[in-house]
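Data block below; observations after.
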Amino acid sequence: MTDQGPLTVLGLFAQNVKRLRVVNILPAETGLVKVAGNNGAGKSSTLDAIVMALGGKDAQPDVPIRQGAARAKVVVDLGALRVTRTWTEKETYLTVERRGEKGKLAKPQDVLDSLIGAGLGFDPLEFIERLKPAQQVSALLGLLKLSEDPRALDVQRKKAYDERTLLNREIKVLDLKLAGLPEPAENVPDDEVSVGDLTAEHARLVDALRDNDRARAKVQQMAERVKQQCERVGELERELAAARSTLEAGEGALREARAFADGLRDPDTAQITLQIQAAEALNVKIRQKRDYVAERAGRLDKQRQANELTGAISALDERKHRLLAEAPFPVPGLGFAEVLGDYRVTFNDLPLDQCAKSEQIRVGLAIAMALNPTVRVILLRDGSLLDPPTRAAIEAAVREAGYQLWMELVGEGDAESIVLEDGGIIRAPAWAAPITNVPAADIFGDSE
């Protein structure tokens, strides 16, 4: 059945369905079919009869049979096909026959489902007025069957955008830190000078100087002893030999000590002190350089991450743009956008609920037609809410596209309306050819 051409309702017979007693309508192939009447007259039941006949299990109401009746029946003439559904108190029976062929098609509901898809009973006003923005988006995405969900792309984009915003804030903080640090000169080395090593060298030199001072003191002490001994020589003749021996020995030791002392060279501590001072100053610069380099490296890394996120955001924007540009939207200008945290259907870049009523109806009607490419039947429940110019525009649109729109009107309607009362037709235009007592089979001009 996938090669079946466009179908509309060419005949509708319904008996004892919901509020209906019996109706027989032979509408025009395309255009408006206006069903009028007061509340409870059977308008909704007439449109429901089409849905109940063609739809599956989910389309069946809990009580399909008119109160007081034992059976209900709907026959829908789709031109190439005749659909008959009967309800009893316990069961429902469905048959589908192809015009000009004998026998009934196997798996009739599967046949109808392949023709109808998800569009049966789609009401343009329901899409516009009663579906929430998220439901409108889901309905339109279900129609488009995109390879990716643009909402998911927007979630990814928002995540990348938020991450980039955080990184840019961190980059600004790092920029402030770098601005407060002196930029190091090119000749500042990377490693600090070891003040500890220089201090140890200074201590070594001080120890050497102290050792020299002790040696000089010792020489002085030895000289003093020699002097005392010389003075005693004159007085202590008896000790002369010993004193001379001692003198000679002392003089010899003195000569050696003096020669050693004369050969000593005092270290210059001023130079190492200057080096220590210079090292401290240099190390301050080195630490500043290390801080600067670390902060700059962190800033560059944050900038790299921010640039990568910018690229990711651009790629997501391009994917979404390409996805929506290639999408088979039923109306030019239709799209999606996130508005105040909610994903919404848009028309010409405006949220649908902010568009003019005529634009909203145009969008809803186009989606209804797109959802019903084969069984081109659209049901509009609240036709009384539309002004005459809008009705005329809808009629022109459905005729041009080859669709049939069944519209409920409260009251007596106009001269082109089929008027119901108490579940039956009381007035109809000539083209509708209502015959309330005709057998269902006569819609096709054959017998059951």
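Bear in mind these aren't lab numbers, they're just calculated from the coordinates by the rules spelled out. Predicted, not measured: the structure shown is a model, and the values here were computed from it. All Cβ positions, glycine included, derive from the backbone under ideal geometry; neighbour counts span all protein chains shown.
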The farthest towards the positive end of the charge dipole of segment 166-230, of the residues V193, G180, Q220, given +1 on Cβ of Lys and Arg and -1 on Cβ of Asp and Glu, is Q220
Pairing the Cα long axis of helix 43-54 with the longest principal axis of the chain, what angle in degrees results, from 0 to 90 and rounded to the nearest 10? 70
If each residue's Cβ is checked for other Cβ atoms within 10 Å, how do F260, F127 rank with the fewest at the top? F260, F127
Fewest-first ordering of S358, S44 by Cβ atoms within 10 Å yields S358, S44
Straight-distance crosslink candidates among aspartates and glutamates, where the alpha carbon sits under 19 Å from K107 and sequence neighbours closer than 8 are dropped: D3, D58, D77, E91, E97
Mind pulling the per residue volume of the convex hull built on the Cα atoms of the chain? Å³ is fine. 291
Would you work out the charge dipole size for segment 363-430 about its Cα centre, treating the Cβ of every Lys and Arg as +1 and the Cβ of every Asp and Glu as -1, and quote it to the nearest 20 debye? 320
Let me spell out the model: positive unit charges on the Cβ of Lys and Arg, negative unit charges on the Cβ of Asp and Glu, origin at the Cα centre of segment 150-308. What dipole size does that give, in debye rounded to 20? 1020
Order of W431, W406 - criterion: other Cβ atoms within 10 Å of each residue's Cβ, fewest first: W431, W406
Segment 150-308: C-alpha pair distances exceeding 25 Å, %: 66
